[in-house]
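One structure is given below, encoded as structure tokens.
The values are calculated or read from the model by the stated rules, or taken from the named source; none is laboratory data. Being a predicted model, the structure only gives us computed values, none of them experimental. A quick note on method: Cβ atoms are made from the backbone with ideal geometry, for glycine too, and the neighbour counts reach across all protein chains shown. To get the accessible areas, we keep the full protein, side chains included, count just its heavy atoms, and leave off ligands, DNA and RNA. Shrake-Rupley method; radii C 1.70, N 1.55, O 1.52, S 1.80 Å.
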Amino acid sequence: MARTAEDLRKIQTQLNKLYPEAICMLEHRNAYELTVATILSAQCTDARVNITTPPLFKKYPTPNALASAKTKDVEKLIKPTGFYKNKSKFLIAMAQRVVRYHQGKIPGLAQDLIQLPGVGKKTANVVLSNAFGIPAMAVDTHVGRLARRLGLSFSKNPDRVEKDLCSLFSKKTWTLLHHQLITHGRTTCKAQSPLCNDCLLQPLCPTGLREKKDPHTGRWVKTPERVVSLVPSVTELLCQWGLASSLVGRTNYCIHPAKVLEKIPKVGGTKNPRLKDILAVKPTLVILERTENTLKIAQELEAVRIPILVLDVTDWKSWIKAYQLIGQRLHRESKSKQSIVELKRSIRGQGAKPLKVLILVWKSPWILAGSQSYCGGLVQALGGRILGNTNKSKSYPQRAPKDLERLNPDLILLPTEPYPFNERERQELEKSFPKSKVDIINGELLTWYLSRTSMALRYLKRNYFT
Ligand code: SF4
């Protein structure tokens, strides 16, 4: 779900109503104490840190005092916060660096703070915003989780989440917003079971909106995803998995199953889909494939914060991964498992006949399917060897006629698409390769990955590999 300026304003208004005075919960009187408390708060609650720090600050009230502390003494004082051996080393080393390079005072610049042992980007931002009054967005686990659930970021990388949040909200609100998100994460949007039913942000939250109250039963149920598929064979797979009702957009090439797809809006081609048409159907997920679609459309969708699932389909391991990813994302784990079992069953017994195979996909110039291509993967999954693929980085390399003549394939396959090979061309190739079997094969069988993979494997095994 793309976040509009209006959505952002409403989210912030609600947070301001809920937590008008959210503040840092780590007790501190100065930048030194906050730096120490924040280092101690890793994997520990703020409440426990607040119980631990008073005796520590009493014994070591300044960086100078802490810099000459004995590790064992510090360990004893901070033990309740966990990971105390590492933390005590960091605290003393941090204090020593502050004494050595900053005249015993915690520096007020991000680039100096992150040089201190035990101080990462998050701690630096906490110190800058709370001790120096410099607006900063510290991303901890609560902020990251909330940002993702609210559709404000789709990254698990804290640096990227920080960038996303800073680009969406005005600088002067960063510090308060950070505390508000943390507070909301602790009280309502909990990691394991978010209390969406009690959450005032629910009408604005893509995650919360997936749960709706059934007016008849009064139960909270998941509402279906709104999926745009930019991959024809995945569109077919979704229909096979009973997800046709979740499809709200498809490409011009998503043609199977025709009857089911009749009323689903088209959003353009696989290489040049129209962003505005995708946005118009308000998708909660767009599915792409690395070679089928362009990086440009993936980046455009990310820029407007539409969740995307990018598949990378090459060999049989990647097919299994793709089934798993789609199954997890669209809550079809049992269908995904079923497809994987079927796939493994279709491959079983491979290697019985190690055929050398040439798959030609275009004529004038000759283009063949390489070992990195999907149909190359089908042959290899059955123990065959793909010929003519010297440049392994290309899925579909081009070859001069004289290069082809040097090959000695057992089998030449001529798919009916994208180039429509015909009987005359098959016979010509048969004359040029008298020792090879040359067959025309249904192009969709060799190119519609995931939805027809097991069928293709069974066909190839039955006709050539047994
Ligand atoms: S609706 Fe649910 S997921 Fe969204 S912010 Fe509220 S508690 Fe979190």
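Observations on the model:
- Taking the Cα centre of segment 356-464 as reference, the dipole from Cβ charges on Lys and Arg (+1) and Asp and Glu (-1) amounts to some 340 debye.
- Amide N proximity, segment 227-251 versus Ala280 label position 7 Å along Cα-to-Cβ, cut-off under 15 Å: 248-251
- Computed across segment 5-187, the Kirkwood radius stands at 16.9 Å (inverse of mean 1/r, all Cα pairs).
- Loop-located trypsin sites (Lys or Arg not before Pro) in segment 228-330, at most 10 other Cβ atoms within 10 Å (DSSP): Lys263
- Mean Cα-pair separation over length for the chain, i.e. relative contact order, pairs under 8 Å, 6 or more apart, %: 10
- Here's the list of lysines a cross-link from Lys89 could span, going by alpha-carbon distance under 27 Å and ignoring same-chain residues fewer than 8 apart: Lys58, Lys59, Lys70, Lys72, Lys76, Lys79, Lys105, Lys121, Lys122.
- Cβ-Cβ FRET estimate between Lys10 and Ile440, R0 fixed at 60 Å, reported to 0.05: 0.50
- Subtracting the Cα-Cα distance of Lys317 and Leu295 from their residue separation scaled by 0.36 nm leaves 5.7 nm.
- For segment 41-76 and segment 85-114, distance of Cα centres in Å: 14
- The H on the amide N of Ile441, modeled in the peptide plane, is under 5 Å from the matching H of Leu414, Thr416, each at least 5 residues off or on a different chain.
- Protection proxy ranking for 435-442, 397-404, 142-149, using the average of other Cβ atoms within 10 Å per residue and placing the highest first: 142-149, 435-442, 397-404.
- Cα-Cα separations in segment 227-311 greater than 21 Å, expressed as whole percent: 17
- Percent carbon-and-sulfur accessible area, the chain, ignoring ligands, DNA and RNA, probe 1.4 Å: 54
- Across the chain, Cα-Cα distances exceeding 38 Å account for 46% of all pairs.
- Largest accessible area first, the listed residues Met455, Met94 line up as Met455, Met94 when surface is computed with a 1.4 Å probe on the assembled protein chains.
- Rolling a 1.4 Å probe over the protein heavy atoms gives the chain an accessible area of 50 Å² per residue.
- The count of lysine pairs in segment 234-351 whose Cα atoms are under 20 Å apart, excluding pairs fewer than 8 places apart on the same chain, comes to 15.
- Solvent-accessible area of Arg9, all protein chains in place: 130 Å² (probe radius 1.4 Å, heavy atoms, ligands and nucleic acids excluded).
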